[in-house]
1. Within region A:1-31, which residues are within 16 Å of ligand 2 (Cβ to nearest atom), open to solvent by 60 Å² or more (accessible area, probe 1.4 Å) and either among the basic types (Lys, Arg) or at pLDDT 95 or above (or both)?
2. Return the residues of region A:29-57 that are of a type in the set (Gly, Ala, Ser), in contact with a helix residue (DSSP H, G or I) (Cβ under 9 Å, 6 or more places away or on another chain) and touching a residue at least 40 places away in the same chain (Cβ under 8 Å); say none if nothing qualifies.
3. For residues in region A:40-67 being more than 16 Å from ligand 2 (Cβ to nearest atom) and open to solvent by less than 10 Å² (accessible area, probe 1.4 Å), which is nearest to the chain's Cα centre (by Cα)?
4. When region A:8-28 is examined, which residues are found to be free of Cβ contacts under 8 Å to residues at least 12 places away in the same chain and either within 14 Å of another protein chain (Cβ to nearest Cβ) or assigned to a strand (DSSP E or B) (or both)?
5. Among the strands (runs of 3 or more DSSP E) contained in region A:301-355, which hold 1 or more residues that are in contact with a Ser or Thr (Cβ under 6 Å, 6 or more places away or on another chain) and charged (D, E, K, R)?
6. Looking only at residues that are β-branched (Val, Ile, Thr) and over 26 Å from residue B:81 (Cβ atoms) in region B:119-154, which one is surrounded by the fewest Cβ atoms within 10 Å (Cβ to Cβ)?
7. Yes or no: region A:180-191 includes at least one residue that is surrounded by 18 or more Cβ atoms within 10 Å (Cβ to Cβ), without any contact (Cβ under 8 Å) to a residue 40 or more places away in the chain and either away from ligand 1 (no atom under 16 Å from the Cβ) or outside the structural domain of residue A:110 (by TED's automatic domain parsing) (or both).
8. Checking residue A:80 against (1) away from ligand 2 (no atom under 16 Å from the Cβ); (2) under 31 Å from the mean Cα position of the chain (by Cα); (3) hydrophobic (A, V, I, L, M, F, W, C), which test does it fail?
Amino acid sequence: MTEVSLLSLVKSYGKSIALKGISLSVGHGEFVSLLGPSGCGKSTTLKCIAGFEDISDGKILFDNTDISRRLPEQRDIGMVFQSYALFPHMTVAQNLAFGLEMRRVPKSEIATRVARAMEMVQLTPYAERFPKALSGGQQQRVALARALVIEPAILLLDEPLANLDAKLRDEMRGFIRDLQKRVGITTIYVTHDQGEAMTMSDRVVVMFDGEIAQAAPPEEVYNHPASERVARFVGNANILDLAVTGKDAAGSDLALPGGGALRVDSPAPWANGRLRVMARPEQIALTDPGAGHLGGEISKRYFSGGHVEYHVDTQCGPLVVLGPTTQTVAEGQTVALAFDPARLWPIPDPKGPAQ
Amino acid sequence: MRLATPLLTFIRVSVYVFLLAPIVIVVLASLNAGNFLTFPPQGLSLRWFWTFLQNDVFIDAIIYSAVLALCATAVSLVIGTMAALYFVRHATREAEVVRVGMLLPLILPEILTAIALLFFFYEIGIGTEHQIALFTGHVLMTLPFVFLNVTTSLQGRDESVELAARTLGASRYTAFRRVTLPLIAPGLATGGIFAFIISFDTFGISFILKGAGSAPLPIQLYDYLRFNFTPEAAAVSTVSILLTLVLVTVSDLVFGRE
Ligand SMILES: Nc1ncnc2c1ncn2[C@@H]1O[C@H](COP(=O)(O)OP(=O)(O)OP(=O)(O)O)[C@@H](O)[C@H]1O
Ligand SMILES: [Mg+2]
């Protein structure tokens, strides 16, 4: 088990800067996801850690040893690629044996370790098949086993599930997570799928434009996003821009259009005297008109199996609410929205700490 | 559309006739029992093949051509593969320059390449001595074929396969040998065979750049035809056609599937 530290990592390609000083520490056996939109630098971060790209500035430490000048083959990493990158001219067993041969592991030991790895990913019957003759999910498992059989210090995965269909993806999520826990390997997982990052990770690192916007456990990122951009990227976010009517040491009083009032645990309004608060769709309840905090009218209703999604026009703009399927509210109906003050999240002022 | 079909068939047949007729005529002429290179042949016989086999000039020329073609192919394979690797992995202006440079011998008339090389080698004071000019010419003529074939076999290949090998502990060289090389082997083989045939057959380059002493087969044949007009020349051509045919067939059988 190894600890990975990135210290002010900078990577530039000519004039364009892909990573603008990334600092991140991944603990022993921790599963960290890099989450962000396309082009934000997730893969670049991984390539720097793997040694495929020279870094422009900063340091990469494995257990306090600076490895940023080492060649990829000297870094002791296992990597799973989006394309799986299996060797097409080798059988499954030969693919798995490759890394061990490179490490000059004795032949007999190679055989047992390959067999064990194949069992681990339930591929024993396919040992003599070529990658071409495997399904996407099976190829994925071969790639995983090939990366793990060498017992690397850290495991890197770059969107490993992106090429699988939805059902298989859900299955593989659990599979990879369980395997990682069992092996206890320090893992960095790149994805642009927030659901994937949430369900699998100990910690989610949200990246935008070559910078880390927030690094925190999934619940924290989801419920207490560091910025509006994080809030909107990680799941559905309703942002209400509200006037602050009073404040004390414990929190702030907020006024809603239409006379409603709320109190949140925020020490200070933004510089403009207002506060932007976030409410997730499932944290808002639909009630009868007159009750609740904010009136509105249902503009759209989507049934999606487990719940119903309502789009509600309010004086705070269009909001999205998730309701239970037991409640029937029709499009065009006038309703009121009730917020749970304890779960409303005041978004930190980007112009400085809210003091 | 239906009307066009007979016309298309006619064109297709004409093209084949146009391409294959000279070859057929040469082969038939080589079987001529008469004393002169005439068509149709006057009786069938293998006597001119026998004559040819006993003619040291032609045997030497074939060996010389084969050795020259082998060496040129070997050098082309190395340079062409390196250029192909560079071109495929870099989407830069420099890579485009490399591509055009590699294909230039194919685009330019052979005679231009030959004359340019001739001037160059006289300019640097070597001339056509030591067969260096001839060899360089042959490498240039064969390079585009290696480059094109290897480029094709590299394109569409997943580049991360080699990176995967690196993370598994392979050095740059080992990754190339164990992973990239087997994957481009068909391209190398096809490119190599093409290169060999081109070098074996090429005339203009050899004609202009050959030094004193031994000469490649096409030159020897040309010299011979200036003073003799026997079916022996056709026999030599037939052997060289057969050789080409065998190489192409073998490459198609072995690597045609890929
Ligand atoms: N070899 C390169 N040369 C120039 N720019 C590059 C190179 N590789 C990446 N970039 C740039 O660096 C930025 C980050 O790219 P990166 O591949 O890390 O994105 P990503 O977060 O992995 O996106 P995606 O989700 O699409 O894979 C992008 O703006 C990209 O254009
Ligand atoms: Mg990427």
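1. Within region A:1-31, none qualify.
2. Restricting attention to region A:29-57, the residues satisfying the condition of being of a type in the set (Gly, Ala, Ser) are A:29, A:33, A:36, A:38-39, A:41, A:43, A:50-51, A:56.
Checking which are in contact with a helix residue (DSSP H, G or I) (Cβ under 9 Å, 6 or more places away or on another chain) leaves us with A:29, A:33, A:36, A:50-51.
Once the filter is applied, which keeps residues that are of a type in the set (Gly, Ala, Ser), in contact with a helix residue (DSSP H, G or I) (Cβ under 9 Å, 6 or more places away or on another chain) and touching a residue at least 40 places away in the same chain (Cβ under 8 Å), region A:29-57 yields A:29, A:33, A:36, A:50.
3. Result: A:60.
4. If we filter region A:8-28 for residues that are free of Cβ contacts under 8 Å to residues at least 12 places away in the same chain, which is where we start, we get A:13-16.
Selection gives A:13, A:14, A:16.
5. Numbers: elements: A:308-314, A:317-323, A:334-339.
It comes to A:308-314.
6. Going through region B:119-154, the residues β-branched (Val, Ile, Thr) turn out to be B:124, B:126, B:128, B:132, B:136, B:139, B:142, B:146, B:150-152.
With over 26 Å from residue B:81 (Cβ atoms) added as a condition, the list becomes B:124, B:126, B:128.
Values: B:124: 9, B:126: 14, B:128: 18.
For region B:119-154, the residue satisfying everything is B:124.
7. In the first step, residues of region A:180-191 are kept if they are surrounded by 18 or more Cβ atoms within 10 Å (Cβ to Cβ); the result is A:180, A:185-191.
Next cut, without any contact (Cβ under 8 Å) to a residue 40 or more places away in the chain only: none.
Within region A:180-191 (the criterion being surrounded by 18 or more Cβ atoms within 10 Å (Cβ to Cβ), without any contact (Cβ under 8 Å) to a residue 40 or more places away in the chain and either away from ligand 1 (no atom under 16 Å from the Cβ) or outside the structural domain of residue A:110 (by TED's automatic domain parsing) (or both)), the answer is no, since none of the residues qualifies.
8. Exception for residue A:80: condition (1).
The values are calculated or read from the model by the stated rules, or taken from the named source; none is laboratory data. Everything quoted here is computed from the prediction, not taken from an experiment. Cβ atoms come from the backbone with ideal geometry, glycine included; neighbour counts cover every protein chain shown. Quick note on the areas: whole protein, heavy atoms, side chains included, nothing else; ligands and nucleic acids left out. Shrake-Rupley method; radii C 1.70, N 1.55, O 1.52, S 1.80 Å.
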